[in-house]
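**Q** Mind having a look at this structure? Questions to follow.
The values are calculated or read from the model by the stated rules, or taken from the named source; none is laboratory data. Quick caveat, the model's predicted, so the values are computed rather than measured. Neighbour counts run over all protein chains shown; Cβ positions are idealised from the backbone, glycine included. What goes into the accessible areas is simple: the full protein's heavy atoms, side chains included, and nothing from ligands, DNA or RNA. Shrake-Rupley method; radii C 1.70, N 1.55, O 1.52, S 1.80 Å.
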Amino acid sequence: MKSLTQILSEKLSVAFEACSYSAELGAVSLSDRPDLCQFQCNGAFAGAKLYHKAPRMIAADVVDKLSDDCDLKKIEVVGAGFINITLTDEFLLSFVKKLLEDENLGIEQSQKHETIVLDYGGPNVAKPLHIGHLRSAVIGESLKRLAKATGRKTISDVHLGDWGLQIGLVIAELRERNPDWECFSPDFDPDSFEGISISSQELNEIYPFASQKSKNDEEFKAKARAVTAQLQKGDPAYTALWREIIKVSVADVRANYDKLNVSFDYWYGESDAEKYVPELLELLSEKGLMHESQGAMVVDVAEDTDKVEIPPVIIKKSDNSNIYATTDLATLIQREHDFNPDEVWYVVDGRQSLHFTQIFRCAKKAEIVPEDVKLIHIGYGTMNGSDGKPYKTREGGVMRLSDFYDTIYNAAYERTAQSKFSREDEKAEVARKITVATIKFGDLVNYCMKDYVFDLDKFMAPDGKTGSFLLYTIARVNSILKKAEVNESFDSKQIYSDTERDLLLKIALSGEAYSLAYREKAPSVICESAYDLASCFSKFYHDNHILTEEDEDKKNTWLSICTAVKTVIEKQLDVLGIETVELM
């Protein structure tokens, strides 16, 4: 389905061409002055330079060609050559009806069969998720849904940190605490191993303890390094224990993500890339890209046009161990083999931009991915507390994501406890949805790279630019439609006020927000569109007594508009990863 601006741009382009001007001058955009018109075209100004003719004269020629267009209520030249456009109500209503009947709800679909791999989440095994993991998960999930909504195939990978010294530290400490475990026995048989009894809470305590211990105890640190080396060589006992650690830790991580309505197609980790490291090393050696520098093996990626220094990528450290760059490049080989993607998006802290510049350049130089494959780092800023510093606990420590969620859930539950819900499960479910809406909308409404301050009272407010306001809007529409006992379909034949017209125009333009959001990789665009629509509906609701209106045609029109608003906002919230509520 063509968008509203596409349809109008085509009309203007045909008119420009009919007047012997370039069709490219016919681009139409939403008006900067909605008090004067709905749309505008400024192509006459560019045409003036091409044809050495006053822009007002060019605009007048074009407007004359469209003066009889039955879809346009008004098209006129204003000022030095601006073309102002206003649609007829009939055309606007018919467009909204087509949009609501369209299976994609007016969202422009990709014309190519594109596959996008999204790398987001990035939690470490045997460590609790903390507040620093929030933005990657929330932004990544929304971008995945956005890409799907625009017709792309998506493959999401959590990319666990499940390899290296951190695992060696955990296993070494487990061995000291539990020397009688069968996996530490000299005659260990992996085929008869029945696992271990350990909770995620115990694992989460062990890693920081072992990490601190290694800083003060050189002997323990050496043991952990030895364990790491043996694990990476495939020691059966350590491998069996490692798998148990992964199972327990992933279950805990998955439960935390499930609460936030965040999911992944694959739960791969750095360990899955390990088998591709030899292929990486062979490839870099064959192409003569890797050389020795201060004992390490590196690849130069600096370019003559660089304005800042871009250091070489370290592939092997001086002790022959791998680092993040090694596994990231090996993971690209795996993704190319398994998925053959057109694009790979990394939703990772913006402070990692240098790392990804190095990785992407190395991947292209080594032809790990084809030249036309896009490798994109989608960075983000930090979520801060009221002091402007990264969000922490009251004691100043790093806040666990589960504790952060529970704090907001408890506040949401207090509000539902005061509502009309009588059943406990209803209160809990609505509180859960308010919690997710508060967290996600509060994050996503900000441009990704922007830092923001999380303010619970502000983000949970039932009015203002919040997730709660959008949930209240849907609940209000549901209440109206339930009381009216009408079939939820759009069948409006007349517009009765400017507020209705504004509301319908926002609905008509809603599909275009997805295209912009996709191009900019910015879910904030969808947030703004949803909020604008909900705000406009709020005005419409307060201006009109929908359920008590005696004019049946008018009442049915208003109910149709309610249905349209609900449909569009529910889709927008779904792309943001936010579930709606029936009532609040």
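**Q** State whether the residues of region 415-423 include one that is out of contact with any Cys (no Cβ under 8 Å at 6 or more places or on another chain), closer than 19 Å to Tyr120 by Cα, open to solvent by 30 Å² or more (accessible area, probe 1.4 Å) and at pLDDT below 95.
**A** There is no residue in region 415-423 that is out of contact with any Cys (no Cβ under 8 Å at 6 or more places or on another chain), closer than 19 Å to Tyr120 by Cα, open to solvent by 30 Å² or more (accessible area, probe 1.4 Å) and at pLDDT below 95.
**Q** Also: Check whether at least one residue in region 295-303 is touching a Gly at 6+ places or on another chain (Cβ under 9 Å) and open to solvent by 20 Å² or more (accessible area, probe 1.4 Å), and report yes or no.
**A** To start, the set of residues in region 295-303 that are touching a Gly at 6+ places or on another chain (Cβ under 9 Å) comprises none.
Checked region 295-303: no residue is touching a Gly at 6+ places or on another chain (Cβ under 9 Å) and open to solvent by 20 Å² or more (accessible area, probe 1.4 Å).
**Q** Looking at region 107-131, I want the residues that are of a type in the set (Asp, Glu) and have a partner that is not in a loop (DSSP other than H, G, I, E, B) with Cβ atoms under 6 Å, at least 6 apart or on another chain. Which pairs are those?
**A** From region 107-131, the pairs are Glu108/Ser515; Asp119/Asp157; Asp119/Tyr346.
**Q** Listed residues Ala522, Ala508, Ala517, Ala513; which is more than 23 Å from the chain's Cα centre (by Cα), of a type in the set (Gly, Ala, Ser) and buried (at least 18 other Cβ atoms within 10 Å of the Cβ)?
**A** On the way: Ala522 fails: more than 23 Å from the chain's Cα centre (by Cα); Ala517 fails: more than 23 Å from the chain's Cα centre (by Cα); Ala513 fails: more than 23 Å from the chain's Cα centre (by Cα).
Only one candidate qualifies: Ala508.
**Q** In addition: So the check is Cβ under 7 Å with 6+ separation or different chains; which pairs have a first residue in region 69-80 that's open to solvent by 60 Å² or more (accessible area, probe 1.4 Å) and a second one that's at pLDDT 95 or above and in a strand (DSSP E or B)?
**A** Matching pairs, first to second residue: Lys73/Thr86; Lys73/Leu87; Lys74/Thr86; Glu76/Asn84.
**Q** Here is a follow-up. Within region 540-555, can you find the residues that are within 19 Å of Asn478 (Cβ to Cβ) and either open to solvent by 70 Å² or more (accessible area, probe 1.4 Å) or outside any helix (DSSP H, G or I) (or both)? Working first, answer last.
**A** In the first step, residues of region 540-555 are kept if they are within 19 Å of Asn478 (Cβ to Cβ); the result is 540-542, 544-549, 555.
Matches in region 540-555: Tyr541, His542, Asn544, His545, Ile546, Leu547, Thr548, Glu549.
**Q** May I pose another question? Among the listed residues Ser67, Ser13, Ser20, which satisfies the condition of being modelled with pLDDT under 95 and among the small types (Gly, Ala, Ser)?
**A** Ser67
**Q** How about region 185-229: which of its residues are under 12 Å from Gly168 (Cβ atoms) and touching a strand residue (DSSP E or B) at 6+ places or on another chain (Cβ under 9 Å)?
**A** Tyr207, the sole residue that qualifies.
Residue by residue, here is whether (1) in contact (Cβ under 8 Å) with a residue 24 or more places away in the chain; (2) of a type outside the set (D, E, K, R); (3) open to solvent by less than 30 Å² (accessible area, probe 1.4 Å) holds:
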residue: Leu169; (1), (2), (3): yes, yes, yes
residue: Leu174; (1), (2), (3): yes, yes, yes
residue: Asp187; (1), (2), (3): no, no, no
residue: Asn204; (1), (2), (3): yes, yes, yes
residue: Lys213; (1), (2), (3): yes, no, no
residue: Asp217; (1), (2), (3): no, no, no
residue: Tyr238; (1), (2), (3): yes, yes, yes
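**Q** Of the conditions (1) among the aliphatic types (A, V, I, L, M); (2) in contact with a Lys or Arg (Cβ under 8 Å, 6 or more places away or on another chain); (3) without any contact (Cβ under 8 Å) to a residue 60 or more places away in the chain, Val277 satisfies every one except a single condition; which number is it?
**A** (2)
**Q** May I ask you to list the residues in region 427-447 that are within 20 Å of Asp532 (Cβ to Cβ), open to solvent by less than 10 Å² (accessible area, probe 1.4 Å) and in contact (Cβ under 8 Å) with a residue 40 or more places away in the chain?
**A** If the condition is that a residue be within 20 Å of Asp532 (Cβ to Cβ), open to solvent by less than 10 Å² (accessible area, probe 1.4 Å) and in contact (Cβ under 8 Å) with a residue 40 or more places away in the chain, then Ala437, Lys440, Phe441, Asp443, Leu444 are the ones that fit.
**Q** Okay, next question. Suppose we filter Ala147, Ala126 for residues that are surrounded by 19 or more Cβ atoms within 10 Å (Cβ to Cβ) and closer than 27 Å to Pro341 by Cβ; which single one remains?
**A** Going through Ala147, Ala126 in turn, the sole match is Ala147.
**Q** Looking at region 455-489, which of its residues are small (Gly, Ala, Ser), part of a loop (DSSP other than H, G, I, E, B) and in contact (Cβ under 8 Å) with a residue 40 or more places away in the chain?
**A** Result: Ser489, single match.
**Q** Quick check: is even one residue across region 264-273 of a type outside the set (Gly, Ala, Ser), assigned to a helix (DSSP H, G or I) and open to solvent by 30 Å² or more (accessible area, probe 1.4 Å)?
**A** The answer is yes; a qualifying residue exists.
**Q** Same structure again: Open to solvent by 70 Å² or more (accessible area, probe 1.4 Å), touching a strand residue (DSSP E or B) at 6+ places or on another chain (Cβ under 7 Å) and farther than 23 Å from Asp574 by Cα: is that true of Lys392 in this structure?
**A** Details: open to solvent by 70 Å² or more (accessible area, probe 1.4 Å): yes; touching a strand residue (DSSP E or B) at 6+ places or on another chain (Cβ under 7 Å): yes; farther than 23 Å from Asp574 by Cα: yes.
The answer is yes for Lys392.
**Q** Can you tell me which residues in region 285-295 are under 15 Å from Asn320 (Cβ atoms) and either among the hydroxyl-bearing types (Ser, Thr, Tyr) or under 37 Å from the mean Cα position of the chain (by Cα) (or both)?
**A** Those that are under 15 Å from Asn320 (Cβ atoms) and either among the hydroxyl-bearing types (Ser, Thr, Tyr) or under 37 Å from the mean Cα position of the chain (by Cα) (or both): Ser285, Met290, Ser293.
**Q** May I ask you to say which residue of Ala534, Ala530, Ala508 is touching a residue at least 24 places away in the same chain (Cβ under 8 Å), in contact with a strand residue (DSSP E or B) (Cβ under 9 Å, 6 or more places away or on another chain) and within 28 Å of Ser29 (Cα to Cα)? Give the derivation first.
**A** Numbers: Ala534 fails: in contact with a strand residue (DSSP E or B) (Cβ under 9 Å, 6 or more places away or on another chain); Ala530 fails: in contact with a strand residue (DSSP E or B) (Cβ under 9 Å, 6 or more places away or on another chain).
Of the residues listed, the single one that is touching a residue at least 24 places away in the same chain (Cβ under 8 Å), in contact with a strand residue (DSSP E or B) (Cβ under 9 Å, 6 or more places away or on another chain) and within 28 Å of Ser29 (Cα to Cα) is Ala508.
**Q** Here's a follow-up. Could we say that Ala147 is within 18 Å of Asn204 (Cβ to Cβ), in a helix (DSSP H, G or I) and in contact (Cβ under 8 Å) with a residue 40 or more places away in the chain here?
**A** No.
**Q** I've got another one for you. Anything in region 353-377 that is under 11 Å from Leu284 (Cα atoms) and either part of a loop (DSSP other than H, G, I, E, B) or free of Cβ contacts under 8 Å to residues at least 40 places away in the same chain (or both)? List them, or say none.
**A** Hits for region 353-377 are Ala363, Ala366, Glu367, Ile368.
**Q** How about region 10-38: which of its residues are in a helix (DSSP H, G or I), open to solvent by less than 40 Å² (accessible area, probe 1.4 Å) and not polar (S, T, N, Q)?
**A** Leu12, Ala15, Phe16, Ala23, Leu25, Gly26 - these are the residues of region 10-38 that are in a helix (DSSP H, G or I), open to solvent by less than 40 Å² (accessible area, probe 1.4 Å) and not polar (S, T, N, Q).
**Q** Moving on. Here are His113, His52: which of them is at positive phi, surrounded by fewer than 19 Cβ atoms within 10 Å (Cβ to Cβ) and out of contact with any helix residue (DSSP H, G or I) (no Cβ under 8 Å at 6 or more places or on another chain)?
**A** Residue meeting the stated conditions: His52.
**Q** In region 362-373, is there at least one residue being more than 22 Å from Asp300 (Cβ to Cβ) and open to solvent by 40 Å² or more (accessible area, probe 1.4 Å)?
**A** At the first step, the residues of region 362-373 found to be more than 22 Å from Asp300 (Cβ to Cβ) are 372.
Narrowing the set further to residues that are open to solvent by 40 Å² or more (accessible area, probe 1.4 Å) leaves 372.
Yes, there is a match, as at least one residue in region 362-373 is more than 22 Å from Asp300 (Cβ to Cβ) and open to solvent by 40 Å² or more (accessible area, probe 1.4 Å).
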